[in-house]
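S.K.: Sharing a structure below in structure tokens format, with a few things to ask.
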Amino acid sequence: MYATALRKQLQIRRFTIRHVRPGWEVRDENDRGVLRHVIYKDWHRVERAIAMFEQEEAVLEAAGWVKIAS
């Protein structure tokens, strides 16, 4: 449903959202592990998570991170 990965040198950051029963799994990961993992049943929280991911991606890209195939 939503998957983005960024790289800066050897570091990788992944943002994913996927449909699971009974809602949506939201994950924020880096190469060291999971930074955030939550399952939402409310679509409005998922929309906020997407907005937060997009904002974080913009900050990372401004700092030199590059989007890669996820």
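The values are calculated or read from the model by the stated rules, or taken from the named source; none is laboratory data. As the structure is a prediction and not an experimental result, all values here were calculated from the model. Note that each Cβ is placed from the backbone with ideal geometry, even for glycine, and that neighbours are counted across all protein chains shown.
S.K.: Give me a count of the residues in region 48-67 that are loosely packed, with under 12 Cβ neighbours inside 10 Å and not polar (S, T, N, Q).
M.R.: 7
S.K.: What number of residues in region 1-54 are under 11 Å from the mean Cα position of the chain (by Cα), without any contact (Cβ under 8 Å) to a residue 60 or more places away in the chain and part of a strand (DSSP E or B)?
M.R.: 17
S.K.: Let me ask you something else. State the number of residues belonging to region 14-68 that are among the small types (Gly, Ala, Ser) and in contact with a strand residue (DSSP E or B) (Cβ under 7 Å, 6 or more places away or on another chain).
M.R.: Going through region 14-68 one residue at a time, the tally reaches 3.
S.K.: Can you name the residue in region 28-41 that is modelled with pLDDT of 95 or more and over 12 Å from ILE17 (Cα atoms) and, of all such residues, is surrounded by the fewest Cβ atoms within 10 Å (Cβ to Cβ)?
M.R.: Applying the filter and picking the extreme gives GLY33.
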